[in-house]
Each structure stands twice: as structure tokens, then as C-alpha cells.
1. Which of the numbered conditions does SER196 fail, given that it passes all the others? Conditions: (1) at positive phi; (2) out of contact with any strand residue (DSSP E or B) (no Cβ under 7 Å at 6 or more places or on another chain); (3) of a type in the set (Ser, Thr, Tyr).
2. Answer yes if at least one residue in segment 182-189 is of a type in the set (Phe, Trp, Tyr), closer than 22 Å to LEU302 by Cβ and away from ligand 2 (no atom under 13 Å from the Cβ), and no otherwise.
3. How many residues are within 24 Å of the chain's Cα centre (by Cα), farther than 22 Å from MET1 by Cβ and aliphatic (A, V, I, L, M) when one looks only at segment 16-52?
4. Suppose we filter ALA289, ALA321 for residues that are small (Gly, Ala, Ser) and over 30 Å from ASP20 (Cα atoms); which single one remains?
5. Please identify the pairs in which a residue from segment 107-124 that is under 15 Å from VAL33 (Cα atoms) and of a type in the set (Lys, Arg) has its Cβ atom under 9 Å from the Cβ atom of a residue that is open to solvent by 20 Å² or more (accessible area, probe 1.4 Å) and in a strand (DSSP E or B), counting only partners at least 6 apart or on another chain.
6. Of the residues GLU127, GLU171, GLU141, which single one is more than 16 Å from ligand 1 (Cβ to nearest atom) and part of a helix (DSSP H, G or I)?
7. Tell me which residues, restricted to segment 103-126, are within 16 Å of ligand 2 (Cβ to nearest atom) and under 22 Å from ALA341 (Cβ atoms).
Amino acid sequence: MKDKICILGSTGSIGCSTLDVIERNPDQYEVEVLTANTNAEKLAEQCKKFNPKLAVLKDENAAEELSKLLSNLGCDTKVECGEQALVNAAKFPGVATVVAAIVGAAGLMPTLAAVESGHKVLLANKEALVMSGELFINAVEKHQAVLLPVDSEHNAIFQCLPGANRQGRPEMNGVRKILLTGSGGPFRTIPISQLSEVTPDQACAHPNWDMGRKISVDSATMMNKGLELIEACYFFGVELEQIDIVVHPQSIVHSMVSYIDGSVLAQMGNPDMRTPIAHTLAWPERVNAGVEPLDFYTMSNLTFEPPDFERFPCLKLASEAMLAGGTSPCILNAANETAVAAFLDGKIAFTDIAKVIEMTLSNTTLVTADSLEKVLAADGEARRVAIDIIEKGVIV
Ligand code: NAD
Ligand code: MG
């Protein structure tokens, strides 16, 4: 029987890569539900090709446009719109696997709905886990969902940990450290004094990975690594000090696990998200991802270095937020999303992103993150505070 798939965020970078893997393995997978924010045209194209039962757009006008496009195409996919429809999509009857690939906090409720349905959930939407932390993991356990990491580093760690082919969380037996690698992004070597002048297009031109704009900016500030640090703590149930960040500009090693006997296991591959997507789709089996294997005869040098906390203040902010606990990671994430959007809109400088986050963290109330209401309230408050800081121009 084919695995029936729902892709939350199908028109994005991860969504499209997932469809590419599915298309290569038509005997294994069937697309049941596709969702997106506003891009009716792309979603219509995807519906024509994959013929899902349901397509959801968050935006009402876009959904109307989608209905028209689909009727012109003679495609009988049902169209719905709105936030509740996204949540329902994640629980669509018959779906077994949900790919959580919405960007940002907007993905939290649909992703949680997928978890609560006890589905297999392939998590790309790291922000959902960073925001809700233990609540999310407790929901996974309570509803016996199978949570698998799409984020390439976490996928690599997962593959290198003991028991990765067994049901449930991988184990930590004999593990000394998790080594979380990151490329350092496009600004690893430019003079620090020039960082305040960089443009959104420069920030989005990642040397190795082709990704959506928000995560590309996160990679340039290394907040992406900061969010991934928090994601790894929750995902694998480890403390912050069990994880070291290792800068590896070539993005060939996707992360490593260091054991007490001196062994270090690494997962390697070309930087192409279809590999971790295919790994999680097929887990514990393997399918063709369309990714070329590494060519060790022509590969350039692999280099490794420690992270530069002066150049990348977001790394420190993320570690501190994780240590502070409670709603702090949620506030960090909301302030980051707000600041990155302002940077992409040309409202603030690249170097203001970290400043907005730091100011937001010190101007919001930190509470325990023991209910969804508290998490959503913290997210809302942090966004209001961050917008206020940006609009009043009081960034210091
Ligand atoms: P993207 O911007 O390319 O795509 C985002 C998708 O989410 C789109 O389909 C969009 O329509 C949908 N979306 C956006 N806002 C929405 C809203 N308010 N309501 C409903 N849907 C909405 O982003 P991406 O690069 O594919 O990243 C998706 C997630 O995967 C992010 O959380 C990112 O951190 C994570 N991730 C991405 C990569 C990558 O290589 N792109 C790697 C690792 C992790
Ligand atoms: Mg990653």
C-alpha cells in the first residue's frame, strides 16, 4: 500500500524538494493533501501533477484564484482556506505522513495537529519545536507520533545515534557529544565592519544551500544554528553543554556524534535537502532521492573551525535563551522572525537583527512554557515589542 502524504508548505523550497522525491518513487507515495500560504499558481501546478484530494491556501483570495485555476485545468482537488483549514489538513483522514514544511511560527498549530493525530511527522519547521519545546515533545509521546528530523544536521545526528532504525527517540548510550555543523553562511569571512552594509540579496545568496529567504537570512546571521541548537536539545532530549557547534564551510559533513570510546560518526553527502527528506520519508528503509553520491576523488578539502561569537551574536543569544528556559526560546524566535522580515523589507540593517532580538528579550516577561496559551501569548508579546523597537527606531 502507498504511503499517503500531506505536505504543509508544499510550494516552498522543502515542499518542492519533497515532491521531487515523491515523483521519483511513485510506487511508494501518494500525495493526498497540499497546502501553502498565497501562491495559487504554483499550488495549481502541483495539484495538476499530483492530483491530491485536498489543497489548502491560508489566504482567502488566493484560494478563490486556485479554485478557478483548478476548474480550468479540469482538476477535481477540493479547495479550502484559512488557518483552521490548515489544521484540518494536517489531520486529513487517510493521511499517514505529514511533512511539516511551513516556515516560522505559522507552522506551529498545523504541525501540532499532525502530532496529535499520531501521524508520522517529518519536521522541517524547526521554529514550531523551538517555540513550544517540551510541550511539543510531550505531545509526540502522548499521541505516539513518529517524529523524524528533516533539518539536515538533525537528520545527520539521528542517523549517527544508536538505535536510529528503531521506533522511538534514538538513544544516547555512550555518546560524549553531539557535533552540530554549520557552514558559517555567506558572511563568514567578510570584514565585520562591512556587515552593517550587506543587502538582503547578499544575505540570501548562500554558498552551498538553495533555501527560502527567511532561513537564508538565518544562515547568514547564524541564528539558524542557534535555532538548531535549541531544536537539537528538544529533539534528542540533551542539555546544551552536550552539543558543540563546528563550523564546516563546505557543508559535506552534515553533523557528527562523538562517542566515549573516541569514535566519531559523521553523516556526509552533497548539500541537497532531498537526502534528509528521502531518509525520513522512507525510514527505516531507503529510497532514491535523485542526489549524486559524493565523489571523493574530486572533492576539495574539508575544513573545520570553531564558531565566531563576535561576528555572530545571534549564536550567543540563542544559547542564552535555551539556558534561560521557559518562553525564552519562543521570544527569541518571534523577535528573530520579526527582525528578519524587517531586514528583508529594507527597514533595518543586517546587524540590527541581533540587536532587535536582544532588546526584545530584555523587554518581555519570561514565564514557564507549560501551556500552549502561554507560548502563543509570549509569541504575540515578543512580536509587538520587536515591532515597536523597529518602528520607533530605538535600536542600540
Ligand atoms: P519557504 O519560504 O521556501 O517555504 C515556506 C512554505 O510555507 C511555503 O509553501 C509557504 O506557502 C508556506 N507558508 C509560509 N507562510 C505561511 C503561513 N502563514 N501559513 C501557511 N503557510 C505558510 O521556506 P523553506 O526554505 O522551504 O523552509 C521551510 C521550513 O523548513 C522552515 O522552517 C525552515 O527553517 C526549514 N528548513 C528549510 C531548509 C531548506 O533548505 N530550505 C533546510 C532545513 C530546514
Ligand atoms: Mg539545518
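1. Every listed condition holds for SER196 apart from (1).
2. Among the residues of segment 182-189, at least one is of a type in the set (Phe, Trp, Tyr), closer than 22 Å to LEU302 by Cβ and away from ligand 2 (no atom under 13 Å from the Cβ), which makes the answer yes.
3. 3
4. Unique residue meeting the criteria: ALA321.
5. Between residues of segment 107-124 that are under 15 Å from VAL33 (Cα atoms) and of a type in the set (Lys, Arg) and residues that are open to solvent by 20 Å² or more (accessible area, probe 1.4 Å) and in a strand (DSSP E or B), the close pairs are LYS120/ASP3; LYS120/VAL146; LYS120/LEU147.
6. Checking each option against the conditions leaves just GLU141.
7. Within segment 103-126, VAL103, GLY104, GLY107, ALA124, ASN125, LYS126 meet the criteria.
Rundown of residues vs (1) in a helix (DSSP H, G or I); (2) among the small types (Gly, Ala, Ser), yes/no style:
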position: ASP201; (1), (2): yes, no
position: ILE215; (1), (2): yes, no
position: ASN224; (1), (2): yes, no
position: LEU229; (1), (2): yes, no
position: ALA232; (1), (2): yes, yes
position: GLU241; (1), (2): yes, no
position: HIS254; (1), (2): no, no
position: PRO271; (1), (2): no, no
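The values are calculated or read from the model by the stated rules, or taken from the named source; none is laboratory data. Treat the numbers as computed from the prediction; the structure is a model and nothing was measured. Neighbour counts run over all protein chains shown; Cβ positions are idealised from the backbone, glycine included. Ligands, DNA and RNA are excluded from the accessible area calculation, which covers all protein heavy atoms including side chains. Shrake-Rupley method; radii C 1.70, N 1.55, O 1.52, S 1.80 Å.
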